[in-house]
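The values are calculated or read from the model by the stated rules, or taken from the named source; none is laboratory data. Please read these numbers as outputs of a predicted model, since none were measured by experiment. We place every Cβ from the backbone using ideal geometry, glycine too, and count neighbours over all the protein chains shown. The accessibility values were calculated without ligands, DNA or RNA, using every heavy atom of the protein model including side chains. Shrake-Rupley method; radii C 1.70, N 1.55, O 1.52, S 1.80 Å.
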Amino acid sequence: MLYRLLSPLAVILLVNGQTDEWWPTATLYQVYPRSLKDTNGDGVGDIKGITESIPHLIDAGIDCVWLSPIYKSPMKDFGYDISDFLSIDPIFGTWDDFLELARVIKEAGLRLVMDIVPNHTSDKHDWFLKSINREDPYTDYYIWRDSLGIDQNGTQIPPNNWISAFAGSTWEWNEQRQQFYLHQFTVAQPDLDYRNPLVIEEMKNVLRFWLENGMDGFRVDAPGHIVEHIDFLDEPPTNDPNCPPMQFCQLQHIYTMNQPETLDVLREFRKVIEEYEVASGEKKVIMSEPTNNIVDTMSFYGTPDDPLMDFPFNVNFVFDINNQTNASTLKYAIDNWIDNMPAHATANWVMGNHDQPRNRERQGEEFAMALSMVNLLLPGISITYYGEEINMDNTFVSWADTQDPQGCNAGPEYYQRFSRDPERTPFQWNNQTFAGFTTGNSTWLPVNENYLYTNLEDQKLPNRIRSPFKIFQALTAARKTEAIITGSFEHRVLTENVFAFVREAPAATLNYLVVVNTGYAEDQANANEQFPQLPTVGTVYTSTISSNQEIGDVINLNAINLPPRGGIVITFTL
Ligand code: NOJ
C-alpha cells in the first residue's frame, strides 16, 4: 500500500536507501514569522526569533521549516502582499539575519522552504507603480480593464461581477491610469497577468534568486487564482443563503479560478527547479497550496511524464476531518486524498495552517491529539502548523484588536467567521509575561489566556509524561523508524466510532497500531478481528491525556480501551 503513496522513483531509491528526494517522509513545520518569537521587543516575531527557536524544532523532531513570507511588504496581508520579492522586510530583520537562519538550519541538518506568492504583488511594488504609469515593459504586468461606464452616482462601473476572496468587488479603479485593476485578494494586492510571458520570466527569476541563496524549495501560494478566463464574463451566483453580501461565497468561481492555463504556469516554475537540480546536483521541493476542489488540486501533481508540484497541500484533510462524526467518516477523510491522488504521487497530511481555525478549536483538546497521531503516522509527508506541537488553541480576538484584512473587510457583525487572527497568536513558550514570546510591552495579537498551562516549558517537565509536546516528540521519533518510513498501511473501521490503522514492515523492530475513538463516550475495540496478522498483545507507545493506558503497559489487542475522543499508539512485533 505504501508503494501506492510514494512516487515510483522515490520507492526505488528508498528501497535502495539512496533517495535524494528528502521529503516523501519528512515532517514539515510551518512558521508564521510574526508569531514564533520576538527578539527585539516590538511585539512582532522576527528572524532572529526563528533562529533562536531552531533548538526547539530539533527537539520536536522536525525535518523541514516552511516560512510564511518574510519579504519586504507593507503588511496589508501580513507578508502575502510583497513589495520586493528579493529582500527581507525590516520588521523581520536584515539580510544577515536571514543568512544566519539559513546557516543554522543547514548546520542542524534541517531544510528550509519559503512561500512564493506568484498571483499578486503589493500595490507598492515597483512593477505596479510603473504599470500605473504605463512604463514598459511593466504596462501589461497586471490585469487592467476599462470601465463599463459611469453609474448614476458618478461611480465607474467595473468590468464584471467578480468578488474578491476577501469580500467586495475584485476590481479597483485607478484614477491615474483611468482603468480598473484586478485584485483577487485585498485591494493592496493587484493580480499579475500570467498571460504575459515577461511576468512568468520575472517570477522564474525570483525562484532562481532564492535557490541561489540556499533555499531547499518553495510553497506556491494561491495557485488556483493565478490565471483568469480571458473573456471576463460574469460568474454565476451560488445562491447560498448563508453567504453574507459581497463575500466570495456568493459566486461560483468558474472564471477566476482553476483555468487550464494555470498548469502551464506551474510547469514553468517546475522547470526552474529542475534546471537548478541539474546544475547543483541538489534535490529541491516545490509544493503548493491546494485549490477549492479536489480534482483541480490533484491536477497540481501533474503526471509521471509531466510532473508539476511535488505535492499540493492536503488542506482537504482539515475540511474532511471537520465533518467527521464517526469512524467511517474519518476513514473517508484519508481515502478522499489517497483515492483521488495520481498513482505516481506522494501523500501529505495537514492539520491546520494560518488560514484555518486551529485543530484544537475544531476538534477539542483530546481529539486534536488523537488526530496528531493519525497525521504523523500515516504514510507520506506530515505538516505541522506552529503551536500544534503543544496543542495551542484558537485565541479570542476582539473586533477592536482584529488585524486580518479578511476579518476587517467582513465588518463587526461577521468578522469572527472570517478573521484568521485567532490561529495566528503568539507561540506559548512558558508561563511568564506574554508567554515568553516577547520582552516588549505588547504583542501584535493577544496571547491566549490558556498560556499558563498550555506552554512548552510546562509540557517538557518530567512529571508531564504524556503532555501534547511529549506525545508529539514520540510521534516524530516513530516517523524515523522503518515501519513508518517504508511500512505498509492498512486502515479499518473497528466499531461505529473507533478507527484504526497498522503500519508494519518486514525489517522493522517495532510496528505500529494506531487506534482513535471519534465518539464522545468511552469505547472498547477488538483490533485482532480486523487485522488478523496482529499478535494478541502489544505495548502502549503513547496515548492521549485522559487515557488510563500508560506508556509501556502491555495490553490485549482484542479489548483496547479508549477514552472519549482519545487515541492510543501501540507497538507490536511480528
Ligand atoms: C493564501 C495564503 O495562505 C493566505 O494567507 C493569503 O492571504 C492569500 N493566499 C493571499 O496571498
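Applying a 4.7 Å Cβ-Cβ cutoff to the chain leaves CYS64, CYS408 as cysteine residues with no disulfide-compatible partner.
Among the listed pairs LYS48/LYS470; LYS37/LYS470; LYS331/LYS480; LYS130/LYS271; LYS37/LYS331, those whose Cα-Cα separation exceeds 30 Å are LYS37/LYS331. Other residues lying with their Cβ under 12 Å from the Cβ of ASN353 contribute a combined charge of -2, Lys and Arg counting +1, Asp and Glu -1. The trypsin sites (Lys or Arg not before Pro) of region 469-537 that DSSP puts in a loop, and whose beta carbon has at most 14 other beta carbons within 10 Å, are LYS480. A DSSP coil position with no more than 13 other Cβ atoms inside 10 Å describes the following GluC sites (Glu not before Pro) in region 164-226: GLU175. Grab the beta carbon distance between ASP231 and ASN556, set R0 = 51 Å, and tell me the FRET efficiency rounded to 0.05. About 0.20, to the nearest 0.05.
Mean Kyte-Doolittle hydropathy of -0.5 or higher plus an axial Cα length of 15 Å or more: which whole DSSP H helices in the chain meet both?
Working: long enough: 47-60 (19 Å, 0.43); 95-107 (18 Å, -0.18); 197-212 (22 Å, 0.26); 261-280 (29 Å, -0.37); 327-338 (17 Å, 0.15); 365-377 (19 Å, 1.12); 468-479 (16 Å, 0.42).
Within the chain the helices that satisfy the rule are 47-60, 95-107, 197-212, 261-280, 327-338, 365-377, 468-479.
What percentage of the solvent-accessible surface of region 386-531, computed with a 1.4 Å probe over protein heavy atoms, is contributed by carbon and sulfur atoms? For region 386-531, the apolar C and S fraction of the accessible surface comes to 49 percent. For region 63-197, the share of alpha carbon pairs falling in successive 10 Å distance bins from zero is 12, 35, 28, 16, 7, 2, 0 percent.
Rounded to whole Å, the principal axis extents of the Cα atoms in region 486-572 read 37, 25, 21, largest first. Computed on the Cα trace of region 261-352, the radius of gyration divided by the Kirkwood hydrodynamic radius gives Rg/Rh = 1.04.
Computed over all pairs of different Cα atoms, the Kirkwood value for the hydrodynamic radius of region 36-91 is 12.3 Å.
Against the criterion of solvent-accessible heavy-atom surface with a 1.4 angstrom probe, CYS64, CYS249 sort, most first, into CYS249, CYS64.
In whole angstrom, region 423-574 maps to an equivalent ellipsoid with semi-axes of 35, 17, 13, each derived as √(5λ) from the alpha carbon gyration tensor and ordered largest first.
Dividing the Cα radius of gyration of region 124-254 by its Kirkwood radius returns 1.01 for Rg/Rh. Considering the chain, its Cα convex hull presents a mean projected area of 26.2 nm².
The equivalent ellipsoid that matches the C-alpha gyration tensor of region 192-339 spans semi-axes of 30, 23, 12 angstrom, in descending order.
Between the alpha-carbon centres of region 269-301 and region 419-459 there is a gap of 35 Å.
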